[in-house]
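Data block below; observations after.
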Amino acid sequence: KDVEEMIRVLEATNVEGDMFLSATHQKVLKSLRYADYLSPKYHVVIANPPYMEISGANGRLKSWALDNYPDSSSNLFAMFMERGLILSKALGMLSMINMQAWMFLSSFSRLREKAVKTYTILSMAHLGENAFDSIGGDVVSTTAFIIQNRKSPHHKGEFIRLVSGTSESEKAEMFRAAIVTKDKRFYFRSEPTDFEKIPGSPISYWASNQLRIIFKENPTLKSVASPRKGMVTADNPRFIRVWYEVSYGKLGIDLVSRSAAKSSGRKWFPYLKGGPFKRWYGNVEHVVNWERDGFELLNMKGNGYKVGSTNHNLDFIFKPAITWTKITTGLVSFRSTKHGFLFDDASGLCYVTDLNMQPKIAGLLNSPVVYAALGALNPTLNVNPGNLADIPVVLATGSSEVAIKCIDLSKDDWDSFETSWNFNSLPLLYLDDPLQTLQANYQKIRAHWWKMTLEMQQLEKENNRIFIEAYSLQDDMRSDVPLSEITLNCNPYYRYGNNKSETQLESMLLVDTMRNFLSYAVGCMMGRYSLDKEGLILANAGDTVENYLQKVGVPQDTLKFKPDSDGIIPVLDGEWFEDDIVARTREFLIATFGAATLEENIRFIEDALGKDLRKYFTTDFYKDHLKTYKKRPIYWMFQSPKKGFSALVYLHRYTRDTANTLLNGYLREFLTKLRSRIAHYDHLLASESTSAREKSKMLKESDQYKKTLRECEEYERSTLLPLAQARIELDLDDGVKVNYQKLGDALATIPGLANKEDE
């Protein structure tokens, strides 16, 4: 009880004459000094404690932490907090700079409750990210605080909110300003009972009194819905694909139940995997192997895996739900889905018990009311199902109709791009009253997109107003929505960011629209799409022109635009083939707008791109294709090392004989033409009738042709001929990453494709 007195007595005791007692005497003194250091006798305890997740500790430390510090055992920093309070005297103080996680995460809820009910938070400087210039980004999010070792339930602590500062100096300046001026943007006062009104007692000092009342007086989301974690496959490269990698005939889309999915015999099913900020609908890109009711996924152990997949949500898969992206650096966004989906751990699912209420819940979740509620519960980067389950629910009248319109608009926008499996046709071409020039069509579709964007902005503003009024939060928030948060892909303020001028945004949208037009044109060349029928046409492994004609249902001689016979299109820097990509693009423009406006339309495209068509296709098209299809291209560029020869091949029309067709029908023909051109130049160079100026120009061109010839001969000999002889088969189920590498150096390099982090 009185360690200091015991030490004084023992130090005054002389035991030098007793050899055995002397050693014990010193050990006792040493132990007492330890006890003295660790006894609760300090007026102030100050520390910057170590940080370590106990889940990563060795077994002995983990067990000791759980036994001795059950309320704070998740992390060493929290254990040091608790220990620091034990070290302080009654009325003493603990002062720390620490991770902010203890303020919000559910794993520290018991520690928070103890801090609120047993002790008193006197003051806090909530630093957030970037508090240390030497530590970049969001690696460390911190808070500095003083907690007193006494219970003062009505003491109003002072809180300085500095999370918006981007550097040490900026936060220091904000801190001084808050102390002096009590600026309400940064300076807050809260008492312990304020925190208890919100589930889990998060230290949400900035939450308004009205928001706390809402938490206290209303039911939570879990009373009407079931937020759940998504699935962990334990092997994403094996089980997950982007939908356009695999054969379309193996996709099970719009299936209403597990039994329907199983009986369909399909292998790949829609899989929601989070994605960027996108409200209402979208980020619908991935599929998961759920063949035979997920047999492989559910039976991984014993098949070479130490661990298996988890969080299968078997009671919820294929049912309509609301999903979101779990990790976000800004605003969280919620998307409504109909039946047919499975859900990944990168997102989550929220199943609404009464399906008629789903639009209303979607409207609530995409309103600023929920942003504020989630921010009060846990303002970290993760949006967890547990936090979502605790938001207070007020079901506002009239919200369903608004939300349904928002969902429909967002879906229409998503499906208007070819990376959607519901893409039918290019909106630029299929207007209600199509015009005769590409420019006129663009101006018309641009006006339509602007109208859509403004309509969505008005709908979201109305949605916000409905819920702000329902929660009586008019004094705390506004219903306005900036254009940058209208998450339609046709809206350049969202698509390209809000830090660009209107001129820049319009220019970028025009360029991308022309890129999309040319991509669609190539799709029609390959037979993936058709001007004679909407939707996907050829999208299964080994598809042929015969399959195309059967699906389109139009005789070949009456087609508006004919697909390529073998799914191979030369992409060269000159007019070496009659059916190269530029020639076929001209044909496509004639088929869509007529011959009279051909040159005008080509000029419009080239002015937008800032280069002629041939230059674009030889230098930029494949890069744009890789970007659009997220490094999982469906058109593959066969290319010699220095790009002397290039040709696009449609993956879904590839067969074991494609390399042989490419070799004999294209590369060797190109080599023959090169040799003929060189021989022709040699003849002219030898002629006395050729002027010196002409000879100089011809000599330069001939040298370049000879270099290209040598390069392509080597490409033929060392790469394409062995590949043609190998007759390599591709299995689309393996995905682009695996299949692309099977063809090796015959293809253009995709940076990072072989890296593990690209999975």
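What part of the accessible area of the range 361-449, given as a whole %, is carbon or sulfur when the probe is 1.4 angstrom?
On the way: 1660 of 3080 Å².
Using a 1.4 Å probe with all protein chains present, the range 361-449 comes out at 54 percent carbon and sulfur.
Computed from the Cβ-Cβ distance with R0 of 22 Å, the FRET efficiency linking residue 62 to residue 117 stands at 0.20.
Lys and Arg at +1, Asp and Glu at -1: add these up for the other residues within a Cβ distance under 14 Å of residue 264 and post the number. Show your work: numbers first, answer last.
Working: positive: 250, 258, 262, 266, 267, 292; negative: 254, 291, 293.
Local charge sum for residue 264: +3.
Please find the FRET efficiency linking residue 236 to residue 260, where r is the Cβ-Cβ separation and R0 is fixed at 25 Å, and quote it to the nearest 0.05. Please report the intermediate quantities before stating the final value.
Numbers: r = 25 Å, r/R0 = 1.01.
The pair residue 236/residue 260 has a calculated efficiency of 0.50.
Taking amide H as placed 1.01 Å from N in the peptide plane, the amide H of residue 564 sits under 5 Å from that of 526, 527, each at least 5 places away or on another chain. Our estimate of slack between residue 28 and residue 734, defined as 0.36 nm per intervening residue step minus the Cα-Cα distance, is 247.3 nm.
Using 0.36 nm times the number of residues separating residue 679 and residue 173, minus their current alpha carbon distance, what extension gain do you get? Before the final figure, lay out the partial values.
Values: separation 506, 0.36 × 506 = 182.16 nm, distance 7.60 nm.
Taking residue 679 through residue 173 to full extension adds about 174.6 nm, to one decimal.
Quick check on the range 413-460: take the gyration tensor over C-alpha atoms, sort the square-rooted eigenvalues as a ≥ b ≥ c, and tell me if it's rounded (a/c under 1.5), prolate or oblate. Cα axes put the range 413-460 in the oblate bin.
With +1 on the Cβ of every Lys and Arg and -1 on the Cβ of every Asp and Glu, and nothing else charged, how large is the dipole of the chain about its Cα centre, in debye rounded to the nearest 20?
That gives the chain a dipole magnitude of about 1480 debye.
Take every pair of alpha-carbon atoms less than 8 Å apart whose residues are at least six positions apart; their mean separation over the length of the range 368-496 yields a relative contact order of 28 percent. The distance from the alpha carbon centre of the range 267-316 to that of the range 448-492 is 33 Å, rounded to a whole number.
Quick one: helix 502-526 against the long Cα principal axis of the chain, what's the angle to the nearest 10°, folded into 0 to 90? Once rounded, the angle reads 50 degrees.
Put a plus charge on the Cβ of each Lys and Arg, a minus charge on the Cβ of each Asp and Glu, and nothing anywhere else: the dipole of the range 61-188 about its Cα centre is then about 660 debye. Which one of 242, 384, 658 is farthest out on the positive end of the charge dipole of the chain, using unit charges on Cβ (Lys, Arg +1; Asp, Glu -1) and the Cα centre as origin? Checked the options; the winner is 384.
Each peptide among 689-702, 200-213 gets the average number of other Cβ atoms lying within 10 Å of its residues, and from highest to lowest they stand as 200-213, 689-702.
Peptides 485-498, 169-182, 149-162, ordered by how many other C-beta atoms sit within 10 Å of their residues on average, highest first, read 485-498, 149-162, 169-182.
Work out how much length residue 355 to residue 430 would gain on full extension: take 0.36 nm times their residue separation and subtract the Cα-Cα distance, in nm to one decimal. Before the final figure, lay out each step's value.
Working: separation 75, 0.36 × 75 = 27.00 nm, distance 3.44 nm.
Here the segment from residue 355 to residue 430 would lengthen by 23.6 nm.
Here the contact order of the range 84-177, divided by its residue count and restricted to Cα pairs under 8 Å and six or more residues apart, works out to 33 percent. Taking the centroid of alpha carbons for each part, the range 732-754 and the range 39-58 are 50 Å apart. Rounded to the nearest 0.05, the FRET efficiency derived from the C-beta distance between residue 164 and residue 217 at R0 = 30 Å is 0.50. Between the listed residues 307, 687, 341, the Cα displaced farthest toward the positive end of the dipole of the chain, a dipole computed from Cβ unit charges relative to the Cα centre, is found at 307.
Of the beta bridges DSSP finds with both residues in the range 280-355, what % are antiparallel, to the nearest 5?
Values: 6 of 8 bridges.
Roughly 75 percent of the DSSP beta bridges within the range 280-355 come out antiparallel.
Rounded to the nearest 500, the 222 nm mean residue ellipticity of the chain from helices alone is -13000 deg cm²/dmol, with -39,500 (n - 2.57) taken per DSSP H run of at least 4 residues.
About the centre of its Cα atoms, the range 188-262 shows a dipole size close to 320 debye [charges on the beta carbon of Lys, Arg (+1) and Asp, Glu (-1) only; nearest 20 debye].
With both residues required to sit in the range 1-142, DSSP beta bridges show an antiparallel share near 40%.
Where does the charge balance sit around residue 658 when Lys and Arg score +1, Asp and Glu -1, over other residues with C-beta under 10 Å from its C-beta?
After counting each charged neighbour, the total is +1.
Within 12 Å, Cβ to Cβ, of residue 554, how many net charges do the neighbouring residues add up to if Lys/Arg are +1 and Asp/Glu are -1? Walk me through the intermediate numbers first.
Values: positive: 533, 551, 560, 562; negative: 532, 557.
Residues close to residue 554 contribute a combined charge of +2.
Protein heavy-atom accessible surface, 1.4 Å probe, per residue over the chain: 47 Å².
Calculate, in whole percent, how much of the Cα-Cα pair population of the range 1-154 lies beyond 18 Å. Pairs farther apart than 18 Å: 66 percent. Look at where the Cα atoms of the range 558-634 and of the range 354-379 average out, and the two centres are 46 Å apart. Taking a spot 7 Å from the Cα of residue 443 along the direction of its beta carbon, which residues of the range 398-437 have an amide N less than 14 Å from it? The answer is 435-437. Distance between the 7 Å Cα→Cβ label points at residue 578 and residue 461: 5.9 nm.
Peptides 639-652, 122-135, 292-305 ranked from most to least packed give 639-652, 122-135, 292-305, packing being the mean of other C-beta atoms within 10 angstrom over each peptide's residues. Just for the chain, what percent of DSSP beta bridges are antiparallel, to the closest 5? In the chain, approximately 75 percent of DSSP beta bridges are antiparallel ones. Just to be sure I understand, if you calculate mean projected area of the Cα convex hull in nm² for this structure, which of [x] 42.9; [y] 47.6; [z] 36.1 do you get? Only one option fits the structure, namely [y]. Surface composition of the range 80-161: carbon plus sulfur atoms contribute 56% of the solvent-accessible area (1.4 Å probe, protein chains only, all chains present).
Please report the relative contact order for the range 664-716, taking Cα pairs under 8 Å with a sequence separation of at least 6, and give it as a percent rounded to a whole number.
On the way: 20 pairs, mean separation 26.8, N = 53.
RCO, the range 664-716: 51 percent.
The values are calculated or read from the model by the stated rules, or taken from the named source; none is laboratory data. Remember, predicted model here, so these are calculated numbers, not experimental data. So basically every Cβ, Gly included, is an ideal-geometry build from the backbone, and we count neighbours across all protein chains shown. Please note that ligands, DNA and RNA were not included when accessible areas were found on the heavy atoms of the full protein model with its side chains. Shrake-Rupley method; radii C 1.70, N 1.55, O 1.52, S 1.80 Å.
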